[in-house]
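Trainee: The following block contains the structure, expressed as structure tokens.
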Amino acid sequence: ALPGFIDIHCHGAKGCDTMDGTLSDIETIARYHAGGGTTAFLPTTASSSLEVILRALEAIGQARSSGVDGAAVIGAHLEGPFFAYAKRGCHLPIYVRDPRPVEYNRMMEYADDITSMTLAPELNGAEALIRTLVDKGIVVSIGHSEATYSQILEAVGWGASHVTHMYCAMSTIVKNGPARTIGVVETTLLMDELTTEIIADGKHLPPELVRMVIKAKGLDRVCVTTDAMRGAGMPPGIYTFGPKDGQEAVVQDGMAVMPDRTGYASSVVRMNDLIKILIGPVGLSLSDAVKMATIIPAKIIGTADRMGSLEKGKDANIVVANDAVDIHTTIVEGEKVN
């Protein structure tokens, strides 16, 4: 018996994506990931038009208020659209832009349903956005960014506290003549003020990089997340990341990649798959691996008072698994959902 897994970065599954913008789509995602031991998650958006993002937020709000069959919806994770163009990853370039109050203030109308937001802190207008998010109690995560150490230092001063999918779509050491400037990768490893997340699917990062992040940050500052897209649980083929008109990705061999094979386009795994990688190639104990999927993400998003561990008074979110971490039963708030 394990605490239910908490996925703070999950786009989709079974052909559905958060950006499809309906309660039915979110329930399909919730039901599929519950089969991998997820008992609570943040449906995650992608860079798109304001109208499509707002429609997704509306659906997430409905899922929170009415409940869904499957993993519980804690709130939204807004991933984009305020990214560095060169670090956009699989987000469509036409939708990547600088933050403007006229846009993000519309998003803030749904602030009660937003848990976190990923953004590039070096963009023009980022300071005002970060301060607005912090004022609303929303976790600010640095990601899809070309920021340097000094820029990240400023962002932490404004209230940024987390870093999205470590090593993916972020700056690293830049050499300018004889001088070197560190980027998001090194600053994340250095600063205790920042937590981070790892897509431990056995594809995005080799085991030694996962071990290095944990060694540098300490276990209590690193969680795992699926970053799963709509191709999760589907046969091999072509699927779009984010909205239905989003970036096409090739799903095959247990991964989703860009059509030119130059990068990944999210993942197609569930949370128990991550635990298997952590206790297998990475070499963690089951206890430490489970912490990275339960109490640590709960602390990062501020829900540890009610989930993340098996304790009296907390939500009855429980996973029953065998020694290989194959899921037998998933219980969400006392109800069997898988």
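Trainee: Each residue of region 247-260 in turn: what ³J(HN,Hα) in whole Hz from Karplus with 6.51, -1.76, 1.60 and θ = phi - 60°, glycine and Pro shown as x?
Mentor: For region 247-260, the Karplus-derived couplings read 5, 6, 9, 9, 9, 6, 6, x, 8, 10, 10, 5, x, 8 Hz, x marking Gly and Pro.
Trainee: Could you identify which residue out of 127, 208, 27 has the top mean-square fluctuation in a GNM of the chain using Cα springs shorter than 10 Å?
Mentor: Maximum fluctuation in the GNM of the chain, among the listed residues, is at 208.
Trainee: Calculate the spin-label point distance for residue 85 paired with residue 326, positioning each point 7 Å from the Cα along the beta-carbon direction, and give it in nanometres.
Mentor: 5.0
Trainee: Continuing with the same structure: Run the numbers on the chain and let me know its relative contact order in percent, using alpha-carbon pairs under 8 Å that are six or more apart.
Mentor: It comes to 21 percent, rounded to a whole number.
Trainee: Would you work out the Kirkwood radius for region 1-139? I mean one over the mean of 1/r across all pairs of different Cα atoms, in Å.
Mentor: That comes to 15.1 Å for region 1-139.
Trainee: Further question on the same structure: So what's the net charge close to residue 143: Lys and Arg +1, Asp and Glu -1, counting the other residues with Cβ under 13 Å from its Cβ?
Mentor: -3
Trainee: What distance in nm lies between label points placed 7 Å from Cα along the C-beta direction at residue 287 and residue 97?
Mentor: Taking the simple label geometry, residue 287 and residue 97 are separated by 5.1 nm.
Trainee: For region 58-215, which whole-number percentage of the solvent-accessible area (1.4 Å probe, protein heavy atoms only) is attributable to carbon and sulfur atoms?
Mentor: 50
Trainee: What does the convex hull of the alpha-carbon atoms of region 278-336 project to on average, in nm²?
Mentor: Quarter of the Cα hull surface area: 4.4 nm².
Trainee: Kirkwood Rh over alpha-carbon pairs of the chain, then Stokes-Einstein at 4 °C and 1.567 mPa s: what D in µm² s⁻¹, rounded to an integer?
Mentor: In µm²/s, the coefficient is 66.
Trainee: Of the accessible area of region 223-338, with the probe set at 1.4 angstrom, what percent is carbon plus sulfur?
Mentor: Exposed carbon and sulfur together represent 50 percent of the surface.
Trainee: For residue 180 and residue 212, calculate 0.36 nm times their separation in residues minus their Cα-Cα distance, and state this gained length in nm to one decimal.
Mentor: Result: 9.4 nm gained on full extension.
Trainee: Which three extents, in whole angstrom, do the alpha-carbon atoms of region 8-58 cover along their principal axes, largest first?
Mentor: Computed over the Cα atoms, the extents are 32, 19, 16 Å.
Trainee: Regarding region 229-274, what is the average projected area of its C-alpha convex hull, in nm²?
Mentor: Its average projected convex-hull area is 3.2 nm².
Trainee: Let me ask you something else. For a 28 Å ceiling on Cα separation, which of these pairs sit above it: 244/291; 87/215; 215/276; 276/314?
Mentor: Exceeds cut-off: 244/291.
Trainee: Taking the Cα-to-Cβ direction at residue 260 and at residue 309 and moving 7 Å from each Cα, how far apart do the two end points lie in nm?
Mentor: Placing both labels 7 Å beyond Cα along the Cβ direction yields 4.8 nm.
Trainee: Along each of its three principal axes, how wide is the spread of alpha-carbon positions in region 147-288, in whole angstrom units, largest first?
Mentor: Principal extents (largest minus smallest coordinate, Cα): 46, 38, 30 Å.
Trainee: Kindly provide the helix-only [θ] at 222 nm of the chain, computed as the sum of -39,500 (n - 2.57) over DSSP H runs of four or more divided by all residues, to the nearest 500 deg cm²/dmol?
Mentor: -8000 deg cm²/dmol
Trainee: In terms of modelled amide H atoms, which long-range or inter-chain residues lie less than 5 Å from the amide H of residue 284?
Mentor: 279
Trainee: For the chain, report the accessible area per residue in Å² (1.4 Å probe, heavy atoms, rounded to an integer).
Mentor: Normalised by residue count, the accessible surface of the chain is 39 Å².
Trainee: Right, next: On a C-alpha basis, how far is the centre of region 117-175 from the centre of region 224-253 in Å? Whole number, if you could?
Mentor: Taking the Cα centre of region 224-253 as reference, the centre of region 117-175 is 26 Å away.
Trainee: Would you kindly derive the ³J(HN,Hα) couplings of region 110-120 from the backbone phi angles with the Karplus curve 6.51 cos²θ - 1.76 cosθ + 1.60 (θ = phi - 60°), listing them in order in whole Hz, with x for Gly and Pro?
Mentor: With the stated coefficients, region 110-120 comes to 10, 4, 5, 9, 9, 9, 8, 9, 9, 8, 9 Hz.
The values are calculated or read from the model by the stated rules, or taken from the named source; none is laboratory data. Nothing here was measured: the structure is a model prediction, and the numbers come from that model. Virtual Cβ from ideal backbone geometry, glycine too; neighbours counted across all protein chains shown. What goes into the accessible areas is simple: the full protein's heavy atoms, side chains included, and nothing from ligands, DNA or RNA. Shrake-Rupley method; radii C 1.70, N 1.55, O 1.52, S 1.80 Å.
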